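Notes to accompany the following structure.
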Amino acid sequence: IRGEIDLANFAAVQAQVNQAIDNRTTAVRIDLTDVTFIDSTGLRVLFALVATLERLQVGLELCAPESSPARRVIDLSGLSSLVRVVPDSG
């Protein structure tokens, strides 16, 4: 995901993520390295994804560098206590 995740595009981001998940999915990794801004609607997309993947018993990992805007929001919201967050996509 690149750029902003906010009220203007959260539905498109949510649809894109949901389309990538099917019955054969065993793990999901979302790279937030290039996310420059994330608001509460973007955060809601991530929390909804956590809930969906928990029901499907699919693991989730978020990639967000320590100093990135996305990482700060993830840590402040408590999302980092629900999913694995790694600093790079490597």
Which listed residue is under 14 Å from Ile1 (Cα atoms), among the β-branched types (Val, Ile, Thr) and out of contact with any Pro (no Cβ under 7 Å at 6 or more places or on another chain), from Ile30, Ile38: Ile30
Among the candidates Arg29, Arg2, Arg72, residue that is basic (Lys, Arg) and without any contact (Cβ under 8 Å) to a residue 12 or more places away in the chain: Arg72
For the chain, please list each of the strands (runs of 3 or more DSSP E) lying entirely inside it that holds at least 1 residues being open to solvent by 60 Å² or more (accessible area, probe 1.4 Å). 2-5, 27-31, 34-38, 84-86
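Applying the selection to segment 22-42, what residues are of a type in the set (A, V, I, L, M, F, W, C) and farther than 17 Å from Glu66 by Cα? Steps first, answer last, please.
Within segment 22-42, the subset of a type in the set (A, V, I, L, M, F, W, C) is 27-28, 30, 32, 35, 37-38.
Listed by number, the residues that qualify are Ala27, Val28.
The values are calculated or read from the model by the stated rules, or taken from the named source; none is laboratory data. Because the structure is predicted, anything quoted here is derived from the model rather than measured. Don't worry about glycine lacking a Cβ; one is built from the backbone with ideal geometry, like all the others, and counts go over all protein chains shown. Each accessible area value is taken on the protein alone, full model and side chains, heavy atoms only, with ligands, DNA and RNA left out. Shrake-Rupley method; radii C 1.70, N 1.55, O 1.52, S 1.80 Å.
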